[in-house]
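Contents: one structure, followed by commentary.
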Amino acid sequence: MNLSGIDSALSNLRKLTEEFSQSLPFKGLWETIRHLSAPNFTWPELRIGNLVARIPIVQGGMGVGISLSGLAAAVAEAGGIGVIAANGIGLLEKDYYQDGRAANLRALRKEIRKAREKTEGVIGVNIMVALDDFHQLLDVTIEEKADIVFMGAGLPIKDLPVAKMRESGIKVAPIVSSARATDMIFRMWKKIYQDVPDAVVFEGPMAGGHLGFTEEQLEDPNFQLEHLVPQIVDALVPYEKEFGRSIPVIAGGGVYTGEDIHAVLSLGASAVQMATRFVATDECDADQKFKQAYVDCTKEQIGIIKSPVGMPGRAIRNEFIIDAENGKRPTFKCAWQCLASCKADDANYCISIALNNARRGNINHGFVFVGANAYRVNSIVPVASLMNELGEGYRVAARETIGQRLAGMVAKIQELLREQEGLGARVKEIALAYEKALTSHIRDLGRVPLEQLRLQYEAVLATLSDLQFQIAEAIADSWALVTQQRNMVKAV
């Protein structure tokens, strides 16, 4: 779209407003808006209680060492929310196979502290509820005072240290796949803790890694962002009213460009979650070969696998996956039953080992989880550059959308003004007829229907007056759209 579209619409609106307000007693309207200009369309902030991120992007938590302190700190420093993934984090430690639980806790503590040393931005931790050491990992997150904890792969309801999290100022965001799951979590929190979570993350079926959907649902329109995000937003309204707080929805899965971000926010979400784009960054904690796999993959190579954890997952299908599906079993040692539902023997491999091999660059002895749009990645860039690219895409989409809406509103005002012009002519016509009738009435008393003409005049005048108020309100609504955009955007 020609980016001058919004400027043209705004110029026309300004001209119409000035002409209308000068011809009628609406002088204050013109004085109010005469100095307003088009908004800059920079990012809206993401507010989760008293936690504020300048950019409404949450970097998705990617486990087994993909998103650690390096990536999380870079995203947080750029203005988003950086997330350290806790699952499989102990594989970074040398003694993981001697005591996996202790290694996980130690590694998570180290990574949170390292992230804090690198940035004062917002740092979150992603913990899978299904993990055997979920509660211990959560305790470490609380002790190290992460800003927010994201809880997925299960329903975060029972035996949660909610009071302890509140005392530490940690925000909580469950990861859900439906409005029903959202309502269940919030209803149970209200019953058990007399409290509710601070935000909700919805991961759609276009996401990478493990998916909270069946294979049949992945392509079903009823399970896409466009359908479910508004439902989840609506499901939170009663809890927002009852607890007197805003509960933002963060939506992800297939979000690739700044234009995508604008589209998701237009659905009612307050922010997006992105993971795939952040893998292909200099600061991502994975090996360069892992990142290059994103650059090199094709659309046809991305497919669904049956994970040992009992869920479908989206990955780059390689020889390792095909061999496993054909019954070939690599030699592996399970360090400990980190996930109760894991069926490594049936799947012929340990997913943590496979993912860790890939993370270290040994792709042939593992595989790479990716989002549906990973094939679109064509280079590895710094996080700051990626954020700038996304910001520019968002601005283009915002200008286009608001420009189109404003142009439509201006067209409506012009239509009302033409109608006003016609009614004005009708008022003059009836007024002349009434004047003529009055003259005839004086000369020939009783023969001219004055009452009928007067009623016609009053009726048309009332219609004209009502129309003028409609025009004034339409102008006010148009400028309110401009003002709203100015108020919701903050400089990056």
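The values are calculated or read from the model by the stated rules, or taken from the named source; none is laboratory data. Here the structure is a predicted model, which means the values were calculated and not measured. Quick reminder, even Gly has a Cβ in these numbers, built from the backbone with ideal geometry, and neighbours come from all protein chains shown.
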Please verify whether region 198-213 includes one or more residues that are surrounded by fewer than 18 Cβ atoms within 10 Å (Cβ to Cβ), modelled with pLDDT of 90 or more and in a loop (DSSP other than H, G, I, E, B). no
Being surrounded by fewer than 24 Cβ atoms within 10 Å (Cβ to Cβ) and in contact with a Gly (Cβ under 9 Å, 6 or more places away or on another chain) is the filter here, so list the residues in region 358-369 that pass it. R360
Consider region 239-265. How many of its residues are under 12 Å from the mean Cα position of the chain (by Cα) and farther than 21 Å from F41 by Cα? 3
Across region 266-279, what is the number of residues that are more than 12 Å from G252 (Cβ to Cβ) and surrounded by 21 or more Cβ atoms within 10 Å (Cβ to Cβ)? 2
Can you name the residue in region 69-121 that is modelled with pLDDT of 90 or more and of a type in the set (D, E) and is also surrounded by the most Cβ atoms within 10 Å (Cβ to Cβ) among such residues? E111
Mind listing whichever residues of region 61-83 are part of a strand (DSSP E or B) and under 12 Å from T119 (Cβ atoms)? I81, G82
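Residue-wise test of (1) within 20 Å of F367 (Cβ to Cβ); (2) without any contact (Cβ under 8 Å) to a residue 40 or more places away in the chain; (3) assigned by TED's automatic domain parsing to the domain that holds F213.
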residue: S266; (1), (2), (3): no, no, yes
residue: V279; (1), (2), (3): yes, no, yes
residue: K299; (1), (2), (3): yes, no, no
residue: I304; (1), (2), (3): yes, no, no
residue: S307; (1), (2), (3): yes, no, no
residue: P312; (1), (2), (3): yes, no, no
residue: A315; (1), (2), (3): yes, no, no
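Here is a yes/no grid of residues against (1) among the aliphatic types (A, V, I, L, M); (2) outside the structural domain of A103 (by TED's automatic domain parsing); (3) more than 30 Å from K306 (Cα to Cα):
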residue	(1), (2), (3)
K164	no, no, yes
A179	yes, no, no
D198	no, no, yes
G212	no, no, no
Reported set for region 147-200 where residues are of a type in the set (S, T, N, Q) and either in contact with a Lys or Arg (Cβ under 8 Å, 6 or more places away or on another chain) or free of Cβ contacts under 8 Å to residues at least 24 places away in the same chain (or both) is S168, Q194
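Every residue, every condition in (1) at pLDDT below 80; (2) of a type in the set (S, T, N, Q); (3) over 14 Å from F20 (Cα atoms); (4) surrounded by 13 or more Cβ atoms within 10 Å (Cβ to Cβ), yes or no:
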{"position": "E435", "(1), (2), (3), (4)": "yes, no, yes, no"}
{"position": "D444", "(1), (2), (3), (4)": "yes, no, yes, no"}
{"position": "L450", "(1), (2), (3), (4)": "yes, no, yes, yes"}
{"position": "L453", "(1), (2), (3), (4)": "yes, no, yes, yes"}
{"position": "D466", "(1), (2), (3), (4)": "no, no, yes, no"}
{"position": "Q470", "(1), (2), (3), (4)": "no, yes, no, yes"}
Give all pairs with beta carbons closer than 8 Å in which a residue from region 120-146 that is in a strand (DSSP E or B) meets a residue that is charged (D, E, K, R); count only pairs at least 6 apart in sequence or on separate chains. V122/D147; I123/R116; I123/D147; G124/D147
